[in-house]
1. Based on what the data block shows, is Thr69 of a type in the set (Ser, Thr, Tyr), out of contact with any Leu (no Cβ under 6 Å at 6 or more places or on another chain) and surrounded by 12 or more Cβ atoms within 10 Å (Cβ to Cβ)?
2. Quick one: would you say Thr35 is modelled with pLDDT of 90 or more and more than 21 Å from Leu5 (Cα to Cα)?
3. When you check Pro106 against the structure, is it within 20 Å of Cys16 (Cβ to Cβ) and outside any helix (DSSP H, G or I), yes or no?
4. Provide a single number: the residues in the range 36-76 that are touching a Phe, Trp or Tyr at 6+ places or on another chain (Cβ under 7 Å) and of a type in the set (Lys, Arg).
5. If the Cβ limit is 7 Å and pairs must be 6+ apart or interchain, which residue in the range 89-107 that is within 23 Å of Leu40 (Cα to Cα) pairs with which residue that is modelled with pLDDT under 75 and not in a loop (DSSP other than H, G, I, E, B)?
6. Hey, could you check the range 104-123 for residues that are under 13 Å from the mean Cα position of the chain (by Cα) and among the aliphatic types (A, V, I, L, M) and say which is modelled with the lowest pLDDT?
7. In the range 14-32, what residues are farther than 15 Å from Thr101 by Cβ, modelled with pLDDT under 90 and surrounded by fewer than 12 Cβ atoms within 10 Å (Cβ to Cβ)?
8. Can you find a residue in the range 90-101 that is in a loop (DSSP other than H, G, I, E, B) and at pLDDT 90 or above?
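The values are calculated or read from the model by the stated rules, or taken from the named source; none is laboratory data. Not measured: the values here are computed from a predicted model. Cβ: placed from backbone, ideal geometry, glycine included. Neighbour counts: every protein chain shown.
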Amino acid sequence: MFELLRARVTSCGASCIIAVIYRPGSEVITQAFYTELAKLLEYMASFASQFIVTGDLNVRFDQPEDAATAKVNDPLTSYGAVQHIDQPTHVRGGILNDVITSVVCPPADVILDSELSFGPHIR
């Protein structure tokens, strides 16, 4: 499965729900992972607030034909969400970190900083 930290951030009367996920890349992806991810997306999409799911899923978003990637993209589509990273996030290449939001509220900018080891910045 995965580790999860959720929070609601409120500023100037607007709020956003943020979920940070970590799934160790050394662990085999199980059906429980896909089930729990779908439950999380359903939960996040159920709020009137916008949402961001970010972190390290260790799923190869740069390889859409990969079975694991397809199984993650299915619930994203079902819950009106999209993954925004389009550049490698790993030193050996590949998109393993993610920034997922509702299709109707994409981030204005996602900056990947190679100097930092903790992933993308969202604006």
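1. Against the criterion (of a type in the set (Ser, Thr, Tyr), out of contact with any Leu (no Cβ under 6 Å at 6 or more places or on another chain) and surrounded by 12 or more Cβ atoms within 10 Å (Cβ to Cβ)), Thr69 qualifies.
2. no
3. Yes; evaluated as a whole, the condition is true for this residue.
4. Total satisfying the criteria: 1.
5. So the pair list comes out as Val99/Ile122; Pro107/Ile122.
6. Ile122
7. Ser26 - this is the single residue of the range 14-32 that is farther than 15 Å from Thr101 by Cβ, modelled with pLDDT under 90 and surrounded by fewer than 12 Cβ atoms within 10 Å (Cβ to Cβ).
8. So far as the range 90-101 goes, no, none of its residues is in a loop (DSSP other than H, G, I, E, B) and at pLDDT 90 or above.
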